[in-house]
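Novice: My questions all concern the structure below.
The values are calculated or read from the model by the stated rules, or taken from the named source; none is laboratory data. Quantities reported herein were computed from a predicted structural model and do not represent experimental measurements. All Cβ positions, even for glycine, are placed from backbone atoms using ideal geometry, and neighbour counts span all protein chains on display. Only protein heavy atoms, including side chains, enter the accessible area calculation; ligands, DNA and RNA are left aside. Shrake-Rupley method; radii C 1.70, N 1.55, O 1.52, S 1.80 Å.
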Amino acid sequence: MHIIFPLAAYLLGSIPFGLVIGRMAGIDVRKEGSRNIGATNVSRVLGKKLGFITLVCDCLKGFVPTYLAAVVLAESGSSELVTAMTGLMAVVGHMFPVYLGFRGGKGVATGLGVFLFFSPAAIGISLLIFVVLVAVTGFVSVGSLLASGLIPVWLYLLGASKVTVGVAVVIALLIWLKHHQNIARLLRGEEKTWKKSAG
């Protein structure tokens with residue numbers, strides 16, 4: 001049972017909802033925009049409505065398996081560790097999906113779902129930071145990077161366990177690694193802004 005939840009979370013996390021939604025609309029999002037399967041690129045290519053649907057689906061594939069693991073394993077002595085690993089594997093699945101040759105998204109929305117279960121308060125703080133940064137800078141990547149990077153800090157300050165904070169650090173590092181191209185473009189001044197794409 002302890003192996004099943006992380007494995008199931010990985011397989012669920014691997015489902016490329018952005019790609020599926022794009023194909024339903026007649027477009028392969030891997031060939032348009034930033035060529036990413038995440039909600040941001042879906043929004044750019046197919047509009048905010050389908051982008052929002054993608055965001056919700058990607059978020060749920062992080063939240064649902066983590067929640068189920070916590071509920072089913074509530075009486076288990078290793079419940080906390082398995083639940084945390086389940087959340088981590090959901091994010092890993094989105095980033096490195098078995099169905100797409102291990103080339104997936106950047107994990108922000110799926111990570112959002114995982115941390116929404118662990119601490120809605122921490123997510124609330126980081127979401128506020130995300131909104132402010134995107135509004136001020138115009139860069140979704142800047143908001144995503146700083147908001148995700150600060151999640152472990154909020155969890156620690158809010159009294160989360162060492163296991164939860166540790167997994168949060170790993171997820172944040174993975175998100176930053178998956179954003180390496182965005183970071184390089186930001187440093188070169190070549191990153192596309194949300195303001196320009198929306199206008």
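Novice: Considering only segment 35-47, state which residues are assigned to a helix (DSSP H, G or I), open to solvent by 20 Å² or more (accessible area, probe 1.4 Å), under 20 Å from E191 (Cβ atoms) and of a type outside the set (S, T, Y).
Specialist: Hits for segment 35-47 are R44, V45.
Novice: Go through segment 12-27 and give me each residue that's over 11 Å from G105 (Cα atoms) and either touching a helix residue (DSSP H, G or I) at 6+ places or on another chain (Cβ under 6 Å) or crowded, with 17+ Cβ neighbours inside 10 Å (or both).
Specialist: L12, I21, G22, A25, I27
Novice: What about I171, is it surrounded by 13 or more Cβ atoms within 10 Å (Cβ to Cβ), part of a helix (DSSP H, G or I), modelled with pLDDT under 95 and aliphatic (A, V, I, L, M)?
Specialist: The answer is no for I171.
Novice: Sticking with this one: Show the residue pairs meeting these rules: Cβ distance below 6 Å; 6+ apart or different chains; first residue within segment 78-103 and closer than 16 Å to D58 by Cα; second residue open to solvent by 10 Å² or more (accessible area, probe 1.4 Å) and among the aliphatic types (A, V, I, L, M).
Specialist: Going by the 6 Å Cβ cut-off, the qualifying pairs are L88/V167.
Novice: Let me spell it out: the conditions are (1) without any contact (Cβ under 8 Å) to a residue 60 or more places away in the chain; (2) more than 15 Å from the chain's Cα centre (by Cα); (3) on the phi < 0 side of the Ramachandran plot, and V163 meets all of them except one. Which number is the exception?
Specialist: Here V163 clears every test but (1).
One line per residue, one yes/no per condition, for (1) crowded, with 18+ Cβ neighbours inside 10 Å; (2) touching a strand residue (DSSP E or B) at 6+ places or on another chain (Cβ under 7 Å); (3) of a type outside the set (S, T, Y):
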site	(1), (2), (3)
Y67	yes, no, no
I123	yes, no, yes
V131	no, no, yes
G159	no, no, yes
